Amino acid sequence: MAEPVDWNDTRKDWRGAFAAMRKLLADPKDTAQVFRVMQGLNRGTAARNYQRLLKTSEGGRIAYRHVELVSKLTDRAWLSQFAAGTVGAAYHAFLDRTGFSADGLADISKQVSRIRDEKHPFAWFGRRERDIHDVSHVLTGYRADDPLGELCLVAYTYAQNTGLGWGFIALMGTLKSLTQPFGRDVRRAVWEGYRHGKQAAWLHGEDIEKLFGEPLEAARARMSIARPVAYERAQERVRAEPSSWLVTAS
């Protein structure tokens, strides 16, 4: 029998996080390393943010229902109901364009940590954070098939959820880019991502099923999600350097 999870354990595994980070910088497509960084540095984050959720206007109801979003986000019939221009339709188009899937992320996360399957409110919240990652891509405009887009989104997510693992990835990715010609542009784009995450409404406080029915631009305006201008500018600079790790990893 597996040992019970100690939800009060907030110790950080810096050695494991650095080892995973080295592998992730060498291959930004190795998503398992992201979960290993989170496992090492985000202990206690789900518990803290679950308590934060309960203090929001919709949080008690969301927590009581504890919907497993992966079941919704992989249901093409459910997604097809949303009208053109809505968040749900944009997410559906995102899946078609990228070939990504919520259950793909779920499978990778389970390879790294058994805690993901625990029947516990904090574990449920951790699964919720995993499952809304690609929803964040749709809302923010940071591309998921672009390493720079992922770098900016992890900075955004760190500002939203304060999980140290997110901040660690954003920092290390930015530092790796500083010696390259576009380093300043990457730094500005990542900093913009953090600032946008701070000013935007907390995505976890949203009823995702209701959110999917909203027009995308209206949802962005309501949640104060700004256009990522610095990211768009940095994209152009990065693409002009085909030997960059941010291009060759795409």
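The residues of the range 76-95 that are β-branched (Val, Ile, Thr) and either over 17 Å from the mean Cα position of the chain (by Cα) or assigned to a loop (DSSP other than H, G, I, E, B) (or both) amount to a single one, 86. Where helices (runs of 4 or more DSSP H) fall entirely within the range 96-186, those with at least 1 residues that are surrounded by fewer than 17 Cβ atoms within 10 Å (Cβ to Cβ) and without any contact (Cβ under 8 Å) to a residue 40 or more places away in the chain are at 102-112, 164-177. Could you list all residues from the range 70-115 that are touching a Gly at 6+ places or on another chain (Cβ under 8 Å) and of a type in the set (S, T, N, Q)? The answer is 81, 86. Listed by first and then second residue, the pairs linking a residue in the range 16-35 that is among the basic types (Lys, Arg) to a residue that is modelled with pLDDT under 95, with Cβ atoms under 8 Å apart and 6 or more places separating them unless they lie on different chains, are 23/30; 29/249. In the set 234, 201, 230, 170, only one residue is hydrophobic (A, V, I, L, M, F, W, C) and under 30 Å from residue 64 (Cα atoms); that residue is 201. Restricting attention to the range 230-250 and to residues that are of a type in the set (D, E, K, R), over 13 Å from residue 142 (Cβ atoms) and not in a loop (DSSP other than H, G, I, E, B), the residue that is modelled with the lowest pLDDT turns out to be 239.
Checking each residue in the range 190-229 for being hydrophobic (A, V, I, L, M, F, W, C), over 18 Å from residue 151 (Cβ atoms), touching a residue at least 60 places away in the same chain (Cβ under 8 Å) and part of a loop (DSSP other than H, G, I, E, B) picks out 202, 212, 223. Could you please let me know if residue 41 is touching a residue at least 60 places away in the same chain (Cβ under 8 Å), in contact with a helix residue (DSSP H, G or I) (Cβ under 8 Å, 6 or more places away or on another chain) and surrounded by fewer than 19 Cβ atoms within 10 Å (Cβ to Cβ)? Here the answer is no, as residue 41 does not meet what is asked.
The values are calculated or read from the model by the stated rules, or taken from the named source; none is laboratory data. Treat the numbers as computed from the prediction; the structure is a model and nothing was measured. Here the Cβ is made from the backbone with ideal geometry for all residues, glycine too, and neighbour counts use every protein chain on show.
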